[in-house]
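Structure below; questions to follow.
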Amino acid sequence: MTTPPMLLAAALAAVVLAACTADAPAATPEEQAALVADELGPDWDAEVVDDARDGSFVVANPVEAEVWRIGDSTEAIAALTADTPWAGFWLPALEQASTDRSNVRAVVVDADSLSGEIVSWQVNVNAADPGLDLDPQALAGDLRTRFEDQGLEVDQARPVTWEGRDIALVAFEVPAEAFGGQPRYVRQWFISTDEPAAMWSVSCDAPADPDGTEELCRTGLDGFRIAEPPARDRA
């Protein structure tokens, strides 16, 4: 079944975060980013994204990657991804993203780690996700149904461990005809927070080589942190 482009974009665009837990005691977002960069080693960096709507969070990025934030120009990532199926699928969606309405809040675009291939990580935040009250096992099952209803063939839907807690993973292959002639494999991790209530997700959109991209994709997730809630929600 061919997935309608808008449904596929909605499924792919849902991407990620790491909750600030006792395992990440740094007092400021900048300190958290420094800890992440130190943990991941010289091939990776980490940056604070100050999001007026959803609060500060930290994204990990390979050192040659570009980081796009909601409201930024897409010029840098357009140059990095020129003439690729990734650009044809994602750039129009990001160019139309509204700072107030879009759930996509940041994208890391890596054209260096896999020669000639684009890998990206997207951070999404949804304050009204219907799965907020579900435990990771139930959430994974619910997400499998949602994605399959969009015509996607789900490869994995299960709880996994991240930062000392269970979260939900959904993984699926995007057929070549839906992505400019190139099949893709997407891993999407879902993490809920209580204060404020929101569903964060981190997606890794990579070539259709699950074994060859597993470590790279997971490293991007491991470096994600939610640093601070929005200013209006702080004491």
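So if I check each of 174, 170, 125, 160, which one is in contact (Cβ under 8 Å) with a residue 12 or more places away in the chain, open to solvent by 10 Å² or more (accessible area, probe 1.4 Å) and not basic (Lys, Arg)?
On inspection, the qualifying residue turns out to be 160.
Any idea which residue in the stretch 114-145 is nearest to the chain's Cα centre (by Cα), counting only those that are among the hydroxyl-bearing types (Ser, Thr, Tyr) and over 25 Å from residue 197 (Cβ atoms)? Explain how you work it out, then say what you get.
Of the residues in the stretch 114-145, the ones among the hydroxyl-bearing types (Ser, Thr, Tyr) are 115, 120, 145.
After this cut, where a residue has to be over 25 Å from residue 197 (Cβ atoms) as well, the list is 115, 120.
On the way: 115: 21, 120: 8 Å.
For the stretch 114-145, the residue satisfying everything is 120.
Between a residue in the stretch 83-104 that is without any contact (Cβ under 8 Å) to a residue 40 or more places away in the chain and under 18 Å from residue 203 (Cα atoms) and any residue that is part of a helix (DSSP H, G or I) and open to solvent by less than 60 Å² (accessible area, probe 1.4 Å), which pairs come within a Cβ distance under 6 Å, given they are 6 or more apart or on different chains?
Partner pairs satisfying both residue conditions: 91/78.
Table: residues versus (1) at pLDDT 95 or above; (2) in a loop (DSSP other than H, G, I, E, B); (3) within 30 Å of residue 77 (Cβ to Cβ).
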{"position": "128", "(1), (2), (3)": "no, yes, yes"}
{"position": "134", "(1), (2), (3)": "yes, yes, no"}
{"position": "142", "(1), (2), (3)": "yes, no, no"}
{"position": "146", "(1), (2), (3)": "yes, no, yes"}
{"position": "151", "(1), (2), (3)": "no, yes, yes"}
{"position": "159", "(1), (2), (3)": "yes, no, no"}
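Please go through the stretch 75-95 and pick out each residue that is open to solvent by 20 Å² or more (accessible area, probe 1.4 Å) and part of a loop (DSSP other than H, G, I, E, B).
82, 83, 84
While we're looking at this one, here's another question. With (1) part of a strand (DSSP E or B); (2) surrounded by fewer than 23 Cβ atoms within 10 Å (Cβ to Cβ); (3) of a type in the set (Val, Ile, Thr); (4) in contact (Cβ under 8 Å) with a residue 24 or more places away in the chain as the list, and residue 202 as the residue in question, which single condition is left unmet?
With respect to (1) part of a strand (DSSP E or B); (2) surrounded by fewer than 23 Cβ atoms within 10 Å (Cβ to Cβ); (3) of a type in the set (Val, Ile, Thr); (4) in contact (Cβ under 8 Å) with a residue 24 or more places away in the chain, residue 202 is out only on (2).
Of all residues being at pLDDT 95 or above and open to solvent by 40 Å² or more (accessible area, probe 1.4 Å) in the stretch 96-113, which is nearest to residue 195 (Cα to Cα)? Just the residue, please.
That would be 103.
Here is a check on your reading of the model: is residue 136 in contact with a Pro (Cβ under 7 Å, 6 or more places away or on another chain), closer than 18 Å to residue 218 by Cβ and surrounded by 15 or more Cβ atoms within 10 Å (Cβ to Cβ)?
Here the answer is yes, as residue 136 does meet what is asked.
For the stretch 13-25, indicate whether the set of residues that are at pLDDT 50 or above and over 30 Å from residue 175 (Cβ atoms) is non-empty. Before the answer, list the steps.
Applying the first criterion (at pLDDT 50 or above) to the stretch 13-25 yields none.
The answer is no, given that none of the residues of the stretch 13-25 is at pLDDT 50 or above and over 30 Å from residue 175 (Cβ atoms).
When you look at residue 193, is it in a strand (DSSP E or B), open to solvent by 20 Å² or more (accessible area, probe 1.4 Å), of a type in the set (Val, Ile, Thr) and touching a residue at least 12 places away in the same chain (Cβ under 8 Å), yes or no? Please lay out each step first, then the result.
On the way: in a strand (DSSP E or B): yes; open to solvent by 20 Å² or more (accessible area, probe 1.4 Å): yes; of a type in the set (Val, Ile, Thr): yes; touching a residue at least 12 places away in the same chain (Cβ under 8 Å): yes.
Yes; evaluated as a whole, the condition is true for this residue.
Within the stretch 25-65, work out how many residues are closer than 24 Å to residue 104 by Cβ, in a loop (DSSP other than H, G, I, E, B) and open to solvent by less than 50 Å² (accessible area, probe 1.4 Å). So that I can check it myself, show each step before the final result.
The initial filter retains those residues of the stretch 25-65 that are closer than 24 Å to residue 104 by Cβ, namely 29-30, 32-33, 36-37, 40, 44-65.
Retained after the next criterion (residues that are in a loop (DSSP other than H, G, I, E, B)): 52-54, 63-65.
Checking which are open to solvent by less than 50 Å² (accessible area, probe 1.4 Å) leaves us with 54, 65.
Adding up the residues that qualify gives 2.
The values are calculated or read from the model by the stated rules, or taken from the named source; none is laboratory data. Treat the numbers as computed from the prediction; the structure is a model and nothing was measured. Note: ideal-geometry Cβ built from the backbone for every residue, glycine included; neighbour counts use all protein chains shown. We work out accessible area using only protein heavy atoms, side chains counted, and drop any ligands, DNA or RNA first. Shrake-Rupley method; radii C 1.70, N 1.55, O 1.52, S 1.80 Å.
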